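The values are calculated or read from the model by the stated rules, or taken from the named source; none is laboratory data. Predicted, not measured: the structure shown is a model, and the values here were computed from it. Quick reminder, even Gly has a Cβ in these numbers, built from the backbone with ideal geometry, and neighbours come from all protein chains shown.
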Amino acid sequence: MTNKRKTMEVVMGDVMSRAEKTERMRRYGSSLREVRRLGEEMARWRSMAEGLGGSILTHLGKQGTQRNPLEESVERIVLLEEELAGKLDAALRLRREVDGAIGRLCDVRLRDVLRLRYLDGRSLAHIAEEMGYSERQVFNLHRQALDAVKLG
């Protein structure tokens, strides 16, 4: 990026570099993967709890107290549900921020490239195929879109 362009962006309120914008938009995909991971972990705990459902077996805890494995599973599920709800809220806020910034771009091609890349998680090669462009054209559109998008 030239100094003139960087100066113009700072004056216009956009002080994020292309790499910082990329990282910010990629966080949405990362947050979705974390939500999926927590959901899978919660499903495993639910499965274990269902298997223990009729059981009255207990085991000795670390302090010598009786603990029911079903109770432990339920406690873990409740904690995971709370964590999952927080992660979902954060992912939705991030998606709204990213989608809003993308939606403010004037060029529909730039919007499409960023939405496909960061909201749908597609590769540049897949985007090129879907849009009917060469990979080089999509790479250039992606670069232009990152330069144009205003995040934060």
Residue ID - surrounded by the most Cβ atoms within 10 Å (Cβ to Cβ), chosen from residues in segment 101-118 that are over 15 Å from the mean Cα position of the chain (by Cα) and either of a type in the set (Ser, Thr, Tyr) or closer than 15 Å to ARG24 by Cα (or both)
ILE102
Selection from segment 112-152 of residues at positive phi and out of contact with any helix residue (DSSP H, G or I) (no Cβ under 9 Å at 6 or more places or on another chain) yields GLY132
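Results for (1) surrounded by 14 or more Cβ atoms within 10 Å (Cβ to Cβ); (2) over 18 Å from the mean Cα position of the chain (by Cα), shown as yes or no for each residue.
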site	(1), (2)
LEU70	yes, yes
GLU83	yes, no
ASP120	no, no
SER123	no, no
Which one of these does MET1 not meet: (1) under 25 Å from PHE139 (Cβ atoms); (2) under 19 Å from the mean Cα position of the chain (by Cα); (3) of a type outside the set (Lys, Arg); (4) at pLDDT below 90?
(2)
SER73 - would you say it is at pLDDT below 85 and part of a helix (DSSP H, G or I)?
yes
Taking THR58 and the conditions (1) of a type in the set (Ser, Thr, Tyr); (2) at pLDDT 50 or above; (3) touching a helix residue (DSSP H, G or I) at 6+ places or on another chain (Cβ under 9 Å), which numbered condition does it fall short on, given that it satisfies the others?
(2)
